[in-house]
1. Let me spell it out: the conditions are (1) surrounded by 10 or more Cβ atoms within 10 Å (Cβ to Cβ); (2) over 26 Å from GLU112 (Cβ atoms), and GLU82 meets all of them except one. Which number is the exception?
2. Would you mention how many residues in segment 59-75 are surrounded by 13 or more Cβ atoms within 10 Å (Cβ to Cβ) and over 19 Å from TYR92 (Cβ atoms)?
3. Return the residue satisfying two criteria in turn: it lies in segment 87-123 and is polar (S, T, N, Q) and assigned to a helix (DSSP H, G or I), and of such residues it is nearest to HIS4 (Cα to Cα).
4. Select from segment 16-50 the residues that are of a type in the set (Asp, Glu), at pLDDT 90 or above and loosely packed, with under 12 Cβ neighbours inside 10 Å and list them in ascending order.
5. Go through ILE55, ILE63 for me and flag whichever is under 22 Å from VAL123 (Cα atoms) and under 14 Å from the mean Cα position of the chain (by Cα).
6. Does segment 68-75 contain at least one residue that is more than 29 Å from ASP117 (Cβ to Cβ), in contact with a helix residue (DSSP H, G or I) (Cβ under 8 Å, 6 or more places away or on another chain) and in contact (Cβ under 8 Å) with a residue 12 or more places away in the chain?
7. Condition test on SER87, is it surrounded by fewer than 10 Cβ atoms within 10 Å (Cβ to Cβ), within 21 Å of CYS106 (Cα to Cα) and either in contact with a Ser or Thr (Cβ under 8 Å, 6 or more places away or on another chain) or modelled with pLDDT under 90 (or both)?
8. What number of residues within segment 106-123 satisfy the criterion of being more than 16 Å from LYS13 (Cα to Cα) and either without any contact (Cβ under 8 Å) to a residue 40 or more places away in the chain or exposed (fewer than 13 other Cβ atoms within 10 Å of the Cβ) (or both)?
Amino acid sequence: MFIHFSLILLIFKKKNVNFPQDEYDNLFHSIENNLRELGLGDVGVNKKMKDLNKIFYDILLKINNSETEFKINRNIVLKYFENLNESNNEKYELFIQYFTKFYHFCFELHPETMIKDAIKFKV
C-alpha cells in the first residue's frame with residue numbers, strides 16, 4: 001500500500017500538482033483506526049504509527065532510483081520484501097514490472113481522478 005501511495009505522490013510532484021491533504025490524512029486515519037480495532041491501546045497505536053510513518057517516508061524518498069525516468073530502487077524493495085531476495089529473481093522481476101506499469105498507468109491519468117482510477121488498475 002505504501003508503494004502504491006508513494007508512486008501516486010511522486011506523480012503529483014512530477015506534474016507540479018499539490019496532493020490533497022485530506023486524502024493523505026484519510027489514509028493514515030484509516031490505518032490508525034484499524035490498529036485500534038485490532039486491540040492496540042493508545043501507546044501501542046502511537047508507537048506503531050510512528051514506525052509506519054518512518055517506513056512510508058523511507059519508501060517515498062527512496063523508491064525512485066533515477067532523476068530522468070522512473071526506475072525502482074532495488075535496495076528499498078529488498079529492505080521491506082526480503083522474500084524477493086531469494087535465488088529465484090522471477091518474483092522480483094514480476095514485482096518490478098507491476099509497479100512500473102502502475103506508475104506509467106497513473107502518470108497518464110488526470111490528477112483529479114488518479115486515486116479513483118488507480119483502483120481500477122489491472123495488469
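1. Failing condition for GLU82: (1).
2. Step one: filter segment 59-75 for residues surrounded by 13 or more Cβ atoms within 10 Å (Cβ to Cβ), giving 59-60, 62-65, 70-74.
Of the ones still in play, those that are also over 19 Å from TYR92 (Cβ atoms) are 60.
Count: 1.
3. Initial filter on segment 87-123 (polar (S, T, N, Q)): 87-89, 97, 100, 113.
Next cut, assigned to a helix (DSSP H, G or I) only: 97, 100.
Working: GLN97: 13, THR100: 11 Å.
Among those residues, the one meeting the criterion is THR100.
4. If we filter segment 16-50 for residues that are of a type in the set (Asp, Glu), which is where we start, we get 22-23, 25, 32, 37, 42.
Those still in the list that are at pLDDT 90 or above too: 22, 25, 32, 37.
Of everything in segment 16-50, those that are of a type in the set (Asp, Glu), at pLDDT 90 or above and loosely packed, with under 12 Cβ neighbours inside 10 Å turn out to be ASP22, ASP25, GLU37.
5. Values: ILE55 fails: under 22 Å from VAL123 (Cα atoms).
Only one candidate qualifies: ILE63.
6. yes
7. Numbers: surrounded by fewer than 10 Cβ atoms within 10 Å (Cβ to Cβ): yes; within 21 Å of CYS106 (Cα to Cα): no; either in contact with a Ser or Thr (Cβ under 8 Å, 6 or more places away or on another chain) or modelled with pLDDT under 90 (or both): yes.
No: the conditions fail for SER87.
8. The initial filter retains those residues of segment 106-123 that are more than 16 Å from LYS13 (Cα to Cα), namely 116-123.
Now restrict to residues that are either without any contact (Cβ under 8 Å) to a residue 40 or more places away in the chain or exposed (fewer than 13 other Cβ atoms within 10 Å of the Cβ) (or both): 116-117, 119-123.
Residues that pass the stated criteria total 7.
The values are calculated or read from the model by the stated rules, or taken from the named source; none is laboratory data. Nothing here was measured: the structure is a model prediction, and the numbers come from that model. Methodologically, a virtual Cβ is constructed for each residue, glycine included, from the backbone with ideal geometry; neighbour enumeration extends over all protein chains shown.
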